[in-house]
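Notes follow once the structure below has been shown.
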Amino acid sequence: MSRKYGVLVGLAVLLSACQPTPTFLNPASSIARHESNLYMSVLIMALVVFVLVEGALVYILVRDRKREGDEEIPLQIYGNNVIEITWTAIPVFLTIALFIMTVQTARAVAAPASLTSDLNVQVVGHQWWWEFDYADLGFATANELHIPVGTPVQISLESVDVIHSFWVPQLAGKTDVIPGQNNTMWITGDKPGVYLGQCAEFCGTEHALMRITVFVDTQEDFDAWVANQQKPAYQPQTAEEQDGQKVIMGPCAACHSLDPSVTKTTGPNLAHLFSRTTFAGSTFDLNEKNLHSWLVDTQAMKPGNDMDLTITPKEIEALMHYLPKLK
Ligand code: CUA
């Protein structure tokens with residue numbers, strides 16, 4: 001390995017240590033805990049079988065190897081009922097145990113019959129970003145899902161284009177997001193925090209940049225967040241801000257909306273853009289520098305995305321006066 005790559009690998013290891021690890025082995029919900037427990041149980045059973053079988057094999061190979069003065073053909077044995085029954089019975093028993101454990105886990109992670117969640121979220125997959133519609137609460141947002149801690153949330157999933165898969169490993173297993181079919185799942189978050197997810201079905205060139213950030217909020221934080229999302233978008237106070245709003249109402253309006261209640265637009269709802277921490281499928285940190293680079297050349301930052309219009313430098317300047325105010 002060259003020195004340059006050594007440095008890169010070291011940096012990657014260092015950086016990954018700073019990020020919360022999005023794995024179901026580090027569960028933060030009852031669903032993920034069930035899945036993690038099943039995985040560990042199967043792994044331990046498999047390890048025990050592996051060590052016993054391979055250990056017996058190695059022991060017999062060594063003990064009964066051909067030695068000096070041995071007969072040319074060793075003792076021939078035809079069948080042994082005790083051994084035959086034992087090595088049939090043990091796998092049968094293990095398979096039955098696996099079956100029972102799997103069914104129990106599947107039942108536990110399916111929507112509980114008593115689920116009467118107050119919170120329903122419609123997840124809409126787009127190439128390559130996520131729309132989250134809180135229809136009962138009257139607003140839509142993008143890429144960053146907020147849920148209150150300890151509350152089961154009923155999620156419906158649909159796609160406006162191709163098949164995606166919604167996966168936040170620390171909170172729940174993956175569920176496909178299929179055009180023309182409404183799939184459902186439920187999630188809970190046990191402790192407040194930020195959990196990362198990722199589209200888990202190849203859906204085009206930017207599949208890898210179709211990420212999800214889930215904020216498990218305290219009830220207080222969640223209520224405050226909802227109240228803010230329900231407000232109408234910031235109204236321009238200066239001439240520059242007004243020019244920015246005009247650009248959004250003009251060329252941008254083909255794909256984006258400033259009305260928080262508008263859903264299924266080609267691009268994310270912009271009403272409260274800067275209440276989010278990331279953009280473009282939760283790929284980039286949302287700050288003025290990144291947003292400016294995005295407006296100058298979105299295709300360089302995320303090739304193939306639907307935003308393929310050219311915005312003039314004057315329009316970009318106007319947008320930079322207005323967009324960051326959309327808190
Ligand atoms: Cu959407 Cu992969």
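The values are calculated or read from the model by the stated rules, or taken from the named source; none is laboratory data. Fair warning: this is a prediction, and the values are worked out from it, not measured in the lab. Heads up, the Cβs are rebuilt from the backbone with ideal geometry, glycines too, and the neighbour counts pull from every protein chain shown. Quick note on the areas: whole protein, heavy atoms, side chains included, nothing else; ligands and nucleic acids left out. Shrake-Rupley method; radii C 1.70, N 1.55, O 1.52, S 1.80 Å.
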To the nearest 0.05, what FRET efficiency results for ALA56 and THR21 with a Förster distance of 35 Å applied to their C-beta separation?
-> 0.40
Note, ³J(HN,Hα) from phi for segment 70-81, Karplus 6.51, -1.76, 1.60, rounded to Hz, x at Gly and Pro | 6, 4, 5, 10, x, 4, 9, 10, 10, x, 8, 4
By accessible area with a 1.4 Å probe, ligands and nucleic acids excluded, highest first: order of LEU196, LEU57, LEU157 | LEU57, LEU196, LEU157
Under a 5 Å amide H to amide H cut-off, with H placed in plane at 1.01 Å, what residues pair with HIS126 once short-range neighbours are removed?
-> GLU131
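For segment 119-229, what is the charge dipole size about the Cα centre, in debye to the nearest 20, if Lys and Arg each add +1 at the Cβ and Asp and Glu each add -1 at the Cβ?
Numbers: 3 positive and 14 negative charges, 56 e Å.
Magnitude of the dipole: close to 280 debye.
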If you plug each phi of segment 162-176 into the Karplus form 6.51 cos²θ - 1.76 cosθ + 1.60 with θ = phi - 60°, what whole-Hz ³J(HN,Hα) values come out, in order, with x for Gly and Pro?
-> 10, 7, 10, 9, 8, 9, 10, x, 6, 10, 6, x, 7, 10, 5
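Evaluate the charge dipole of the chain about its Cα centre and quote only its size in Debye, nearest 20, assuming +1 on the Cβ of each Lys and Arg and -1 on the Cβ of each Asp and Glu. Could you put the intermediate results ahead of the total?
Values: 20 positive and 34 negative charges, 115 e Å.
The dipole magnitude comes to about 560 debye.
Using a Förster distance of 25 angstrom, determine the FRET efficiency expected from the C-beta separation of VAL42 and ILE85, and round it to 0.05.
Numbers: r = 25 Å, r/R0 = 1.00.
The pair VAL42/ILE85 has a calculated efficiency of 0.50.
From largest accessible area down, sort ARG63, ARG276, ARG33; use a 1.4 Å probe on the protein chains. Walk me through the intermediate numbers first.
On the way: ARG63 120, ARG276 20, ARG33 95 Å².
In descending accessible area the options line up as ARG63, ARG33, ARG276.
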Could you run the Karplus curve 6.51 cos²θ - 1.76 cosθ + 1.60 with θ = phi - 60° over segment 274-288 and give me ³J(HN,Hα) per residue in whole Hz, x for Gly and Pro?
-> 7, 7, 9, 9, 9, 8, 6, x, 6, 8, 10, 5, 8, 9, 5
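Counting only pairs 8 or more residues apart or on different chains, how many lysine pairs in the chain have their Cα atoms under 16 Å apart?
Values: LYS231/LYS325; LYS231/LYS327; LYS246/LYS314; LYS246/LYS325; LYS289/LYS302; LYS289/LYS325.
Close lysine pairs under the 16 Å cut-off: 6.
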Computed label-point distance, nm, for sites ASP259 and LEU309 using a 7 Å Cα→Cβ extension | 1.8 nm
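Which percent of the accessible heavy-atom area of segment 34-162 goes to carbon and sulfur, probe 1.4 angstrom?
67 percent
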Amide H contacts under 5 Å for TRP186, placed H, 5+ residues apart = ILE155
Given backbone amide H placed at 1.01 Å from N, residues whose amide H is under 5 Å from that of GLU201, ignoring those fewer than 5 places away on the same chain, are SER165
